[in-house]
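To start, the structure itself, in structure tokens.
The values are calculated or read from the model by the stated rules, or taken from the named source; none is laboratory data. Treat the numbers as computed from the prediction; the structure is a model and nothing was measured. Glycine gets a Cβ as well: all are built from the backbone with ideal geometry, and neighbour counts include every protein chain shown. Remember, those area values only see protein heavy atoms, side chains included, never the ligands or the DNA or RNA. Shrake-Rupley method; radii C 1.70, N 1.55, O 1.52, S 1.80 Å.
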Amino acid sequence: MKKKVALIFGITGQDGSYLTEFLLNKNYFVFGVKRRTSLIHTTRIDHIYEDRHLKPNLILKYGDVTDFSNVFHIISETNPDEIYNLAAQSNVGVSFELPEYTAQTDSIGTLRILEAIRILDKKKKKIKFYQASTSEIFGNSPDKPYSEKSRFAPASPYGTAKLYSYWITKNYREAYSIFAANGILFNHESPRRGENFISRKTIIGIINMLHGKQKCLYLGNLYARRDWGHAKEFVEAQWKILQQKKPDDFVIATGKNYSVKDLVNLVLKKVGIRYIWKKDKKGFEYAVSLSDKGHIKKSQVIIKQDKTYFRPNEVHDLKGNYSKAKRILKWKPKVSFDQLITEMIKKETENHKKLS
Ligand code: NAP
Ligand code: GDD
């Protein structure tokens, strides 16, 4: 049987790497789009990279979703059955500093891919398109827990840009009968998570402190709540969304949420640090160690809130209702929050040993 061809924009990212592994295991031929950068940054996919001079099932192409001619040519050359648009400036905090770039990538980038599909695939209707939508489109909407029927109220340039992409994906589906679908994914983490997202930042910071490489971990809002799942099982849902008879939009979540402080407390507990939370005169919280542990000394301030890490606007409480995905996709999360954090700590500890 002819191999299915998948094209992944954002292959070098967390989800891109897990999705590539998943699709190669399903016997797909995978093309991935990587950006030109001054240093090669394919570390998440180096273990699956295949030399294009041999008989590869994975080929990387240079590209950028801010460049229409590039997007158009890549889709035309690779002739994919499925396109996964995971490319994004994905950091919500950074989107307040780079609002226009975030819109170019996270909104118009999606439009560029859809336009290329519309022009190239007019008659065949072969290409299926997956858009990496996000729980950030719900923002601070009152309709909790969030499902496909909840109202949208994004609270950042990132969430707003992603809401455009959500709608344009729906519009192209309805206007041109393109198989275009949104996966509205809630937070998902893994040992491959970018270093400046809260889960990985906290774990790296605490392990660094234990080894004397960092004195204190500075954080922002400790009271936001997130619905955290494992990236590896969330990419399976992305694929399942494209295997349906009809294109549709799905919430993918765990249905449970925890605060940032719960996350920090869990990591500290798991690595065996004893500590107490206190508040300074300005109301900023900090944690002080109660005994020596590794390079951490008794009475050391190990965690401190710092206003640099507070956002101009915050999404306070995200929790998803994934019952539609469970019913139609037969998908449900299996990895618990505790198991996810345990796996991330274990991997970070190994990374640390390799480096030292
Ligand atoms: P990630 O690790 O930040 O990966 C993003 C990918 O997009 C990277 O490969 C990045 O390339 C690429 N990219 C960025 N700007 C680009 C551009 N202009 N042109 C082409 N590629 C570009 O994000 P992730 O966690 O894997 O998430 C994947 C997608 O799902 C993103 O769209 C994100 O917004 C969305 N999402 C994520 C979550 C989550 O919790 N992880 C939840 C909901 C939705 P570089 O490696 O060169 O930076
Ligand atoms: N990154 C970060 N750094 N977040 C912090 C910090 C800090 O020092 N201190 C507190 N936080 C809080 C943020 O204010 C936010 O409420 C929460 O921790 C989670 O932040 P992130 O891990 O950066 O993720 P996010 O929820 O903003 O966005 C992620 O999930 C979205 C889906 O809900 C990203 O992966 C997005 O791309 C994704 O769409």
Sole miss for GLU50 among (1) modelled with pLDDT of 95 or more; (2) over 14 Å from ALA6 (Cβ atoms) is condition (1)
Only one of GLY212, GLY255, GLY194 is out of contact with any Leu (no Cβ under 9 Å at 6 or more places or on another chain), among the small types (Gly, Ala, Ser) and more than 28 Å from ALA155 (Cα to Cα); which?
-> GLY212
Counting just the residues of segment 167-180 that are within 16 Å of ligand 1 (Cβ to nearest atom) and either open to solvent by less than 10 Å² (accessible area, probe 1.4 Å) or without any contact (Cβ under 8 Å) to a residue 60 or more places away in the chain (or both), which one comes out nearest to GLU97 (Cα to Cα)?
-> TRP167
For ILE184: the one exception among (1) in contact with a Ser or Thr (Cβ under 7 Å, 6 or more places away or on another chain); (2) of a type outside the set (S, T, N, Q); (3) away from ligand 2 (no atom under 13 Å from the Cβ) | (3)
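If only one of LYS162, LYS201 is within 8 Å of ligand 2 (Cβ to nearest atom), without any contact (Cβ under 8 Å) to a residue 60 or more places away in the chain and either under 16 Å from the mean Cα position of the chain (by Cα) or crowded, with 19+ Cβ neighbours inside 10 Å (or both), which one is it? Steps first, please.
Working: LYS162 fails: without any contact (Cβ under 8 Å) to a residue 60 or more places away in the chain.
Being within 8 Å of ligand 2 (Cβ to nearest atom), without any contact (Cβ under 8 Å) to a residue 60 or more places away in the chain and either under 16 Å from the mean Cα position of the chain (by Cα) or crowded, with 19+ Cβ neighbours inside 10 Å (or both) holds for just one of LYS162, LYS201, which is LYS201.
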Quick one: which of LYS278, LYS293 is loosely packed, with under 14 Cβ neighbours inside 10 Å and at pLDDT 95 or above?
-> LYS278
Name the pairs: first residue in segment 297-323 and more than 14 Å from ligand 2 (Cβ to nearest atom), second residue open to solvent by 40 Å² or more (accessible area, probe 1.4 Å) and of a type outside the set (Phe, Trp, Tyr), Cβ to Cβ under 6 Å, at least 6 apart or on different chains?
-> LYS298/ASP292; ASN321/PRO145
Quick one: what pairs do we get from segment 128-144, first residue touching a residue at least 40 places away in the same chain (Cβ under 8 Å), second among the acidic types (Asp, Glu), C-beta under 6 Å, 6+ apart or different chains?
-> LYS128/GLU82
Only one of (1) among the polar types (S, T, N, Q); (2) farther than 20 Å from ILE252 by Cα; (3) open to solvent by less than 30 Å² (accessible area, probe 1.4 Å) is not met by SER190, so which one is it?
-> (2)
Test LYS269 against the stated conditions and say whether it is outside any helix (DSSP H, G or I), more than 17 Å from the chain's Cα centre (by Cα) and modelled with pLDDT of 95 or more.
-> no
